[in-house]
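Here the structure comes first, spelled out in structure tokens, and everything after it is commentary.
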Amino acid sequence: MYSPTPADWNEANRAHWDERVPLHVAGDFYDLDAFRAGHDPLRDFELAEVGDVGNRSLLHLQCHIGLDTLSWARHGAARVVGLDFSEPAIDLARGLARDLGLGPDRAAFVAADVYDAAAAVPDPSYDIVYTGVGALCWLPDIGRWAETVAALVAPGGFLYLSEFHPLTDVLDDETGSRITHDYFARDAWVEESAGSYAAGGAEFTHRRRVEWQHPVGEVVSALAAAGLRIEFLHEHDVSLFQRFGSFERRDGYFRFPADRPRIPLMYSVRARKD
């Protein structure tokens, strides 16, 4: 339900994500054995839109357990740094880096709040700041986030954001065909629920989570106001999990049935610091 932002929103969300880590590790969604064996979890449109990362530094904000972060290292990034506010997630990411033979000179992980990233990461700026895929909904202040990422992008570098489209948050969960929530809502969404996208039947002790909805226009405008030049905004008709009961899995993605009109399910933005 929508409500004013609770004072303990960050602590509640951190406890919720700390508890997710072992449940996600045990499930099939991330499939760590396949990842260690070489499976690449990055999406094809991300690889095309980010382009060649060879000999570049890359910072991944809100990296969870670091699979995407480490995948960019596999694609040739000279140094990757992952940041997340969950200590258990960062501990696991560090272990995965060791499993892949990547030392801290190639892959480093930092436990810190995203708003404190500039003071927490080992380098003052990065050629590429990469973020998204379910990250922005956990942040109340998009303007502050945009200022943070803009400060971390090196001159000539860029931010790349790949995120779920906020239009999906206003539709009913079963069919995704009825508008049931307000696209422009600014209050927090506070919910107690079991399970997660990667552990559907799991029971949580820390069930409460606090999220916010950020329209695409708000995100893009915040990046521009922070001094980044928008190079593109792309929308995609695919999702990465069973967001709606009517979704079908085709070509490695979740989509609406082929006979249904399409809507944007994800979007991506690249914004450069000149």
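Structure notes:
- All positions within the range 1-25 that are among the hydrophobic types (A, V, I, L, M, F, W, C) and either under 19 Å from Ala73 (Cβ atoms) or not in a helix (DSSP H, G or I) (or both): Met1, Ala7
- Pair list, Cβ under 8 Å, 6 or more apart: the range 116-136 residue over 27 Å from Val216 (Cβ atoms), other residue buried (at least 19 other Cβ atoms within 10 Å of the Cβ) and of a type in the set (D, E, K, R): Asp123/Arg79
- Qualifying residue in the range 197-217 (condition: part of a helix (DSSP H, G or I), within 23 Å of His64 (Cβ to Cβ) and modelled with pLDDT of 95 or more): yes
- Filter result for Arg229 (farther than 30 Å from Val153 by Cβ and touching a residue at least 12 places away in the same chain (Cβ under 8 Å)): no
- When Asp40, Asp52, Asp28 are checked against the criterion of being without any contact (Cβ under 8 Å) to a residue 40 or more places away in the chain, outside any helix (DSSP H, G or I) and more than 26 Å from Glu235 (Cα to Cα), Asp28 stands alone in meeting it.
- Selected residue [of a type outside the set (Lys, Arg), more than 24 Å from Asp237 (Cα to Cα) and under 18 Å from the mean Cα position of the chain (by Cα)] from Ala77, Ala93: Ala93
- Looking only at residues in the range 73-92 that are part of a loop (DSSP other than H, G, I, E, B) and touching a residue at least 60 places away in the same chain (Cβ under 8 Å), the one that is farthest from Trp138 (Cα to Cα) is Ser86.
- Applying the condition of being in a helix (DSSP H, G or I), of a type in the set (Val, Ile, Thr) and out of contact with any Leu (no Cβ under 7 Å at 6 or more places or on another chain) to the range 143-175 and asking which residue is surrounded by the most Cβ atoms within 10 Å (Cβ to Cβ) yields Thr148.
- Number of the exception - Ile263 against (1) within 27 Å of Ile142 (Cβ to Cβ); (2) in contact with a strand residue (DSSP E or B) (Cβ under 9 Å, 6 or more places away or on another chain); (3) hydrophobic (A, V, I, L, M, F, W, C); (4) surrounded by 17 or more Cβ atoms within 10 Å (Cβ to Cβ): (4)
- Taken over the range 93-133, the criterion of being assigned to a helix (DSSP H, G or I) and either within 22 Å of Arg43 (Cα to Cα) or not hydrophobic (A, V, I, L, M, F, W, C) (or both) is satisfied by Ala93, Arg94, Gly95, Leu96, Ala97, Arg98, Asp99, Tyr115, Asp116.
- Here Ala222, Ala258 are screened, and the one residue that is of a type in the set (A, V, I, L, M), loosely packed, with under 13 Cβ neighbours inside 10 Å and not in a strand (DSSP E or B) is Ala258.
The values are calculated or read from the model by the stated rules, or taken from the named source; none is laboratory data. Quantities reported herein were computed from a predicted structural model and do not represent experimental measurements. No Cβ is skipped: glycine too gets one built from the backbone with ideal geometry, and neighbour counts run over all protein chains shown.
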